[in-house]
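Enquirer: Handing you this structure, nothing more for now.
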Amino acid sequence: MKYLTVGVVVLLTGCVSDGTRILNSIGSAFDNNRPETTAVSAELPVVEQPRAFGDFQVASLIDGSNSSFDVQPYGNGVRVRENDGCVWTRTADWFSPSDSWANCGTSQNWHSAQAQVRQLDSLYPLRIGSQGRYERQSTSHTGRTRTRQTVCQVTGAVDVVRPGHPDTPAYVVECDDTKRVRTTWYAPGQGPIAFTQVSNTRGLEESWIRK
C-alpha cells in the first residue's frame, strides 16, 4: 500500500491539468487490488442459515502470493489455521467475529486474544438488504480489553471473475466494526470466494480470491 500511495502522489504532480485522467488512473490502481466483478448473471438463492465452510486456498490480489485456510471442526464452530501461523476460531457463521485468535497480525498487544461474541441481530436469511449486528468483548494476551460492535450488510450481488472458473454469482457482504471494513463475496453453496479488508487508517490490508 505504501508504494501505491507514492505512485498516486507522482500522478497528481504530473497531471494537475487533467482531472479526469487523474481520477481514472487512481481508480484503476486501486481496482487492480480488488476482485474483478461483472453484473450478476443469475438470481441468487436465499441462504437461510449459516453453513460450515471447509479448507480452501486463495491467491493474494496485492502481491500474488498463495495462502491456505486449514479448517477443522471445533466445539460448535471451526478452528482455522492459516499458513502464516495465525490460528482463529469462530462459529460456523463466516461473518461472525472470531472468538479467539493467536499469532495473528503485527500488534504487540493484540496478536492473540480471547473473546465473547454475541449476535445482536441476525444477518440471516441472507439476501440483498439483509443486515446483522454482532458485539465482541475481547481480552488480549497482554490483558487489554475492548468491546466493539460489527454491522454486516448485504449490499448487492455480482459475478466474480476467477481464473480457471466460470464467473461465480455471489452476494457482496460488508462488515464494518468502525476500525475496518471487511467485504466478502459470498457464493451460496461455496462460501467465501473473495475478500478484502480495509483499515480506516492504513487502507487496503488484505485482498484475496479463492482458487
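Enquirer: Could you please find all residues in the stretch 172-188 being crowded, with 20+ Cβ neighbours inside 10 Å and touching a Lys or Arg at 6+ places or on another chain (Cβ under 8 Å)?
Expert: Within the stretch 172-188, 175 is the sole residue that qualifies.
This table checks each residue for (1) at pLDDT below 95; (2) of a type in the set (Gly, Ala, Ser); (3) under 18 Å from residue 206 (Cβ atoms); (4) in a strand (DSSP E or B).
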{"position": "97", "(1), (2), (3), (4)": "no, no, yes, no"}
{"position": "116", "(1), (2), (3), (4)": "no, no, no, yes"}
{"position": "119", "(1), (2), (3), (4)": "no, no, no, yes"}
{"position": "129", "(1), (2), (3), (4)": "no, yes, no, no"}
{"position": "159", "(1), (2), (3), (4)": "no, no, no, yes"}
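Enquirer: Could you list all residues from the stretch 35-65 that are more than 16 Å from the chain's Cα centre (by Cα) and in a strand (DSSP E or B)?
Expert: Hits for the stretch 35-65 are 38, 39, 47.
Enquirer: Identify the residue in the stretch 59-71 that is farther than 21 Å from residue 113 by Cβ and not aliphatic (A, V, I, L, M) and, among all such residues, is surrounded by the most Cβ atoms within 10 Å (Cβ to Cβ).
Expert: The residue in question is 67.
Per-residue answers, yes or no, for (1) among the aliphatic types (A, V, I, L, M); (2) over 21 Å from residue 179 (Cα atoms); (3) surrounded by fewer than 16 Cβ atoms within 10 Å (Cβ to Cβ):
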residue	(1), (2), (3)
73	no, yes, yes
78	yes, yes, no
88	no, no, no
108	no, no, yes
113	yes, no, no
126	yes, yes, no
156	no, yes, yes
160	yes, yes, no
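Enquirer: Could you run through the stretch 73-95 and say how many residues are in contact (Cβ under 8 Å) with a residue 40 or more places away in the chain and not in a loop (DSSP other than H, G, I, E, B)?
Expert: 1
Enquirer: Now for a different question. Of the residues 191, 164, only one is surrounded by fewer than 16 Cβ atoms within 10 Å (Cβ to Cβ), in the same structural domain as residue 98 (by TED's automatic domain parsing) and either closer than 21 Å to residue 134 by Cβ or not β-branched (Val, Ile, Thr) (or both); which?
Expert: So the residue among 191, 164 that is surrounded by fewer than 16 Cβ atoms within 10 Å (Cβ to Cβ), in the same structural domain as residue 98 (by TED's automatic domain parsing) and either closer than 21 Å to residue 134 by Cβ or not β-branched (Val, Ile, Thr) (or both) is 164.
Enquirer: On to the next question. Please specify each residue of the stretch 130-154 satisfying the condition of being closer than 25 Å to residue 36 by Cβ and either exposed (fewer than 14 other Cβ atoms within 10 Å of the Cβ) or in contact (Cβ under 8 Å) with a residue 40 or more places away in the chain (or both).
Expert: The one that is closer than 25 Å to residue 36 by Cβ and either exposed (fewer than 14 other Cβ atoms within 10 Å of the Cβ) or in contact (Cβ under 8 Å) with a residue 40 or more places away in the chain (or both): 152.
The values are calculated or read from the model by the stated rules, or taken from the named source; none is laboratory data. This is a predicted model, so every value here is computed, not measured. Ideal geometry is used to build each Cβ from the backbone, glycine not excepted, and the neighbour counts take in all protein chains shown.
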